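A short write-up of the structure that comes next.
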Amino acid sequence: MKKRWGISESLSEEQQLLKKEITLKIKCPDLIAELLIRKGISDLDEIEKFFNPRLEDTFDSFLFKDMEKAVDKIIKVIQDKKRITIYGDYDVDGTTSTSLLYLGLKKLNAVVDYYIPHRMIDGYGLSLIGIDQLVENGTKLIISVDCGINAIEEIEQINKLGVDIIVTDHHNPKDVLPDAYAIINPKINGCGYPFKDLAGVGVAYKLLMAVYRKLNVDSDEFVDKYVDLVALGTIADIVSLTGENRIFASVGLERLVKKQNIGLNALINIAGLSHKELNSSDIVFGIAPRINAAGRMGSALRAVELMVAVNEARSVELAQIIERENSLRQQIDQKTFQEACEIIEKKYKDLDETSCIIVTSDDWHPGVIGIVASKLVEKYYRPTIMISFKDGIGSGSGRSISGFDLFEALSSVEEYLETFGGHKYAAGLSILIEYIDVVENRLNKFVKEHITKEQLIPPLKIENKLELYEINEHLLEWLNKFAPFGPGNMRPTFYTEDVMIVGFPYNVGKNHLKLKVMKDGCTLDLIGFNLGDFLPFLKKGLLIVIAYSLEFNTWQGRTTIQGKLKDIHFAEKN
């Protein structure tokens, strides 16, 4: 698919002087200083904080609206020995949030348990079925994590049952907030917390840290103890890896490497990642899909049980169950993706004139449609909603493209939806079958009016022009200091003009392109994931322009520099 290259503007004269100053002071390559300036980081103290993230540099938890009130309530319930239930969502963000608060409060000798709704039985978010069960079990305080911000009716019912609820969430609130005892969400109006992009697990962690601080147990050991779970949930939820999220991800990945959570350790082993230093890609593609599989194919309670486990044998057993569920999920994913593509090709005759994609079926597993919707966005690059119907009620999952707010689009048809929630780029919904046509028509109209033709071409942000002779291990080591990489802090992409293809390009795996290029006597091996369609147009000796990122690649004990190909332009002189 054609991409829209956006090459960063050259530095101003003032910035060029600043670049020289940074290069001299921290003894880094010019390119590194330029990348720092583009991120708005030029002060030596800021550079130090960026390259060495520390939990001490996060904001005060008590800046959250309602935090003092929530903390006092939790402490009183703990002291009165009354039951607290952590009510979490069934994805990685929700299960890590649940595990973190459960372990953290248990450390304070709280009477605490947890509840994760079943995707097929309870549906998304707070469920009245689940709440009735909690009341029967004697719960006096519910703490929701990664859900609850728009559960108006459910929280009204909780209040009637004489149970208090503290909502911790990071999803976008609607105009009316639920009548909860306290709401901890950086996105609500009047919340003074400076960093708005926390994942649900980040919000839960800030609550736990506030409780610890109020009880004067906020030692380094306690503060650091659960940050591996924060990193896992934050990276998996694909939130912006900037600010506090980058701190949590960086510090938490270091703790994950120490393998002190025996459940996660069992999962890391079964994923084949135990012999390497974990990075954000390992979480997104290796660990997160397995944890999600528990909630998608069975019960997410298994994922929480794994993360709070204290018995090694049980951890291994749970990891094996989750691995089998993940294998099944992959098979169903593939079948669903193929079916969805066939529907799209028949339904949308001219994709150039299609602004959004909405596909439905009575046969799709509701647990996989979110993943498949992401794959469809990757293939067709249109805001996409998949809906699985059963007994006249549809469960839907939507994914968006860069710059388009899917939550806002769904808000425009809210009157026809049973429920909906989420954020700018990912959302869930439920809908009665009789409203599907009107919702589809109105959404199509809304998207056409609020999206440009340019937005429907995938953007490719390119930082700098780079020559192959500038690439070496020293540069790579400096580039890796920008990790962990993710949204808002992507691995930098460069371009090189007029490189010549040497040898014969070929495809590997599922449509991945392998080739070697040369310029000025220097060569670079490249792999382009899902770029195999270029192969018929490439031949030995051809001059091309490449856009790529750089990384170390270790294979059979040998580490080399590899380019990860993002796109190819054909040189004009060809």
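Please determine whether any residue of region 67-78 is in a loop (DSSP other than H, G, I, E, B) and surrounded by 15 or more Cβ atoms within 10 Å (Cβ to Cβ). So far as region 67-78 goes, no, none of its residues is in a loop (DSSP other than H, G, I, E, B) and surrounded by 15 or more Cβ atoms within 10 Å (Cβ to Cβ).
Being within 25 Å of VAL111 (Cβ to Cβ), acidic (Asp, Glu) and touching a strand residue (DSSP E or B) at 6+ places or on another chain (Cβ under 7 Å) is a description that applies to ASP66. Scanning region 535-568 for residues that are hydrophobic (A, V, I, L, M, F, W, C) and under 26 Å from the mean Cα position of the chain (by Cα) turns up ALA547, LEU550, PHE552, LEU565. Here VAL239 qualifies as on the phi < 0 side of the Ramachandran plot, in a loop (DSSP other than H, G, I, E, B), crowded, with 19+ Cβ neighbours inside 10 Å and within 17 Å of the chain's Cα centre (by Cα).
Close contacts from region 25-47, counting a first residue that is touching a residue at least 60 places away in the same chain (Cβ under 8 Å) and a second that is assigned to a loop (DSSP other than H, G, I, E, B) and aliphatic (A, V, I, L, M), with Cβ to Cβ under 8 Å and a gap of 6+ residues or different chains, come to LEU31/LEU466; GLU34/LEU11.
For ASP113, state whether it is surrounded by fewer than 22 Cβ atoms within 10 Å (Cβ to Cβ), acidic (Asp, Glu) and assigned to a strand (DSSP E or B).
Numbers: surrounded by fewer than 22 Cβ atoms within 10 Å (Cβ to Cβ): yes; acidic (Asp, Glu): yes; assigned to a strand (DSSP E or B): yes.
Yes, satisfied.
For the residues ALA288, ALA303, ALA309, the requirement of being surrounded by fewer than 23 Cβ atoms within 10 Å (Cβ to Cβ) and assigned to a helix (DSSP H, G or I) singles out ALA288. Selection within region 1-43: residues that are aliphatic (A, V, I, L, M) and in a loop (DSSP other than H, G, I, E, B). The member of this set that is surrounded by the most Cβ atoms within 10 Å (Cβ to Cβ) is ILE41.
Of all residues in region 126-176, those satisfying the criterion of being touching a helix residue (DSSP H, G or I) at 6+ places or on another chain (Cβ under 8 Å), of a type in the set (A, V, I, L, M) and under 23 Å from GLU68 (Cα atoms) are LEU141, ILE142, ILE143, VAL145, ILE158, VAL163, ILE165, ILE166, VAL167, VAL176. Among the residues here, LEU208 qualifies as modelled with pLDDT of 95 or more, under 23 Å from TYR115 (Cβ atoms) and either of a type in the set (Phe, Trp, Tyr) or not in a loop (DSSP other than H, G, I, E, B) (or both). Exactly one residue out of GLY125, GLY200 is modelled with pLDDT under 95 and under 23 Å from the mean Cα position of the chain (by Cα): that is GLY125.
What are the residues in region 268-283 that are in a helix (DSSP H, G or I) and either charged (D, E, K, R) or under 12 Å from GLY252 (Cα atoms) (or both), if any? Within region 268-283, SER280, ASP282, ILE283 qualify.
Looking at the structure I just gave you, is PRO484 surrounded by 15 or more Cβ atoms within 10 Å (Cβ to Cβ) and assigned to a loop (DSSP other than H, G, I, E, B)? Against the criterion (surrounded by 15 or more Cβ atoms within 10 Å (Cβ to Cβ) and assigned to a loop (DSSP other than H, G, I, E, B)), PRO484 qualifies. Just one of the listed residues (ILE166, ILE131, ILE143, ILE149) is closer than 23 Å to SER99 by Cβ, surrounded by 18 or more Cβ atoms within 10 Å (Cβ to Cβ), under 21 Å from the mean Cα position of the chain (by Cα) and assigned by TED's automatic domain parsing to the domain that holds LYS106, namely ILE149. Filtering region 362-375 for residues that are farther than 24 Å from ALA300 by Cα, modelled with pLDDT of 95 or more and in contact with a helix residue (DSSP H, G or I) (Cβ under 8 Å, 6 or more places away or on another chain) leaves an empty set.
Quick check: is even one residue across region 498-513 of a type in the set (Asp, Glu), at negative phi and surrounded by fewer than 18 Cβ atoms within 10 Å (Cβ to Cβ)? So that I can check it myself, show each step before the final result.
Here is the first cut: in region 498-513, the ones of a type in the set (Asp, Glu) are 498.
Checking which are at negative phi leaves us with none.
Within region 498-513, none of the residues are of a type in the set (Asp, Glu), at negative phi and surrounded by fewer than 18 Cβ atoms within 10 Å (Cβ to Cβ).
The values are calculated or read from the model by the stated rules, or taken from the named source; none is laboratory data. What you are looking at is a predicted structure, and each value in this text was computed from that prediction instead of being measured. So basically every Cβ, Gly included, is an ideal-geometry build from the backbone, and we count neighbours across all protein chains shown.
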